[in-house]
Every structure is written in structure tokens, then in C-alpha cells.
Amino acid sequence: AVVAGDDRGRVHVWRAALPGSWGFAHSPEWVMSELEGGKDRCVHGAAITALACLGETVVSSDDKGRVVFWQPLGDVRQVEPAHIVDVVDVDNPDASEPVMSLCADPQREDGIYAGLEFGRLMWLATDSEGSTDGKKELIKFDYGVSALEWDASSQALLIGLVNGTIHSWCPASGGDPREFGSFHRTEVRRIALTRPPASADVPRVLHLVSSGADGRVGVWDLEAGEPLWGLQNLPNHVLALGDHSRLVCSGCVINEGSDGRHASERSFSQSWKDPLPSLQDAPTCEAVLCLDLLGDDAGAADAAQEVYWPGAAEKSVSVSRPID
């Protein structure tokens with residue numbers, strides 16, 4: 001399934017139509033809302049800022065400080081909230097503090113980590129019945145906590161801040177966070193760990209992939225906390241994921257201004273009878289960039305072959321112009 005939130009505070013959930021299919025139904029499979037007077041009522045009153053899965057529970061947050069733990073998805077299309085937490089500004093109890101990021105520890109289902117706009121990292125706990133165990137401030141940074149990811153190998157939180165820095169912090173020890181090397185110039189929008197290979201014969205080396213509002217995507221040595229290489233000149237809303245052999249980035253703009261006209265000035269036919277537009281007449285749109293990082297012998301049958309992933313000696317790959 002795919003979970004998405006929009007700027008009107010709505011949460012949509014789609015289920016793949018068929019196993020292995022890329023197709024999704026036009027309408028969401030589940031509607032995340034609250035029934036009031038027999039009608040659906042949107043629980044979030046502001047733009048959705050983060051989504052996370054806590055076991056079988058979807059958790060969502062918005063930029064007005066509300067975090068919603070939803071009922072598990074089931075056979076009923078309409079899904080109601082199980083528990084709602086409103087985070088207030090400690091310096092102004094009458095005001096809320098926007099939630100920028102969420103992260104769950106897969107080994108725990110009693111709560112979730114939340115990163116706030118004014119620099120607080122909080123634990124928002126809930127029991128199996130949905131009642132609050134508490135809101136606990138864990139640590140405070142000088143900048144907003146814009147991205148979170150759980151690193152199971154070190155039992156630590158990976159934390160991205162608005163100032164472009166990345167930190168690792170272990171909740172169990174409660175010590176000082178470890179700051180990673182410098183890469184992003186502004187807000188870290190997303191942090192992700194590369195997915196491990198399915199084959200046990202392939203070395204299980206994890207990398208950190210970060211996406212920033214500066215249009216940069218960084219690939220990191222997770223243990224050393226240093227960037228290995230990256231992409232630049234991408235849109236400020238770029239998102240990136242990876243596994244042991246590929247790096248995938250969304251938001252790559254293609255055909256931008258290729259004919260000197262703005263996309264809104266073009267008129268496109270909707271008829272299948274008309275020929276496909278040329279590159280010069282094609283609309284400006286976004287595409288997914290996929291970098292295949294396997295070696296030249298990737299097609300060999302030997303599953304134990306060494307997987308190629310650029311190292312510190314290959315520091316930078318640059319997308320310096322629009323992709324044709």
C-alpha cells in the first residue's frame with residue numbers, strides 16, 4: 001500500500017491492484033477521517049508534514065502540532081483516529097509547535113519519535129488502548145528537526161536539521177549526539193538507509209542517503225559519518241532512496257524551457273490520433289532518476305560477486321544541466 005498526505009490535511013491510502021503491479025485504483029482504498037454527525041470530518045486542520053508506520057498503525061502529523069495515531073487498516077474503508085496528540089510550544093502554552101518529522105522504532109509499538117520545528121525531539125507514547133502514556137522531551141537542538149530515520153544496526157536515531165547538519169543519537173544511552181560531516185547547505189528534507197540485499201551472499205553494507213532543500217542528494221558512509229559522493233542541482237523537493245545496487249531520485253525536471261516557452265503557453269492535444277510531440281514540443285515534467293551502481297559484470301550468474309558502490313575516491317557526481 002501507499003500512504004500519502006496533502007496540504008489540506010487529508011491522508012489517503014491506496015492498495016496495489018495486483019501483486020507485482022504498479023497500478024493503483026483511482027480512489028483511495030481507505031479514508032482516514034472522523035465521523036461527526038454521520039459525515040466524514042478531516043482530523044488534521046493543516047498540511048500533513050510526516051507519515052510513519054507503527055506496527056499496523058499509520059501515524060500522521062501536521063504543521064499545527066497535531067499527531068494522529070489511526071486505527072489499524074481493515075475491511076472497513078473509513079478509518080477513525082485511535083488517539084490524537086496536540087504538541088504545544090513550551091514557551092507559549094497557548095500556541096502549538098509544528099511537527100516536522102516522525103520516526104518509529106520497529107522493535108517498539110508503544111510510541112513514536114517526533115521532530116519539532118523549534119528543535120525539540122520528543123517521544124509521544126500511547127498504550128494499546130490508545131490512551132496517552134506521556135509526552136517526553138528527549139533532547140533539544142538549536143535548529144528544527146526536519147528528518148528522522150531509525151538505524152537498527154546501532155539502535156540510534158539519525159537526525160537531520162534545518163541548518164543542513166546530520167546527527168546520530170542513541171536514546172538508550174542519552175549521551176551527546178554525534179554530528180556527521182558537512183554536506184548539505186540548508187534543510188535536510190529526508191534521511192533513508194539503503195535497503196539490504198535479499199541474497200545472503202552479497203555483503204550487507206548499509207549507506208545513508210540524504211535529500212536536502214539545496215537540491216543535493218548525499219550518499220554517506222554510515223559508520224564513519226562522512227559523505228562519500230552525491231548529486232547536485234536537483235529540485236529542492238527531491239527525495240532519494242537506495243539499495244545495494246541502485247540510487248533512485250524523484251523530482252528531476254526534464255524539458256524545462258527546451259523551446260523557450262513556458263509550459264503554460266503550450267497547447268497539447270488529448271487525441272490519440274495526433275502524433276506524439278517532439279522533444280521541443282513536449283511538456284515540462286518531472287521524472288525519476290535511477291542510477292545503476294552495479295559493476296560491468298552485473299549480469300553474471302555468480303551471486304557472490306562483489307557489488308560495486310562508489311567509494312570515497314569517487315566523491316562527486318553532478319547533474320549540472322536539465323536532463324534531456
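Read the figures in this text as sums done on the coordinates, not as results from a lab. Given the structure is predicted, the values throughout are model-derived calculations rather than measurements. Cβ atoms come from the backbone with ideal geometry, glycine included; neighbour counts cover every protein chain shown.
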On the first, second and third principal axes, largest extent first, how far apart are the outermost C-alpha atoms of region 91-160 in Å? 34, 30, 15
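Mind checking region 133-201 for trypsin sites (Lys or Arg not before Pro) that DSSP puts in a loop (not H, G, I, E or B) and that have at most 16 other Cβ atoms within 10 Å?
Working: sites: Lys135, Lys136, Lys140, Arg178, Arg185, Arg189, Arg190; in loops: Arg185.
Qualifying residues, ordered by number: Arg185.
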Virtual spin-label span in nm between Asp91 and Leu291, 7 Å along Cα→Cβ: 3.9 nm
Could you give the length gained by full extension between Gln107 and Ala47, i.e. 0.36 nm per residue of separation minus their alpha carbon distance, to one decimal place? 18.7 nm
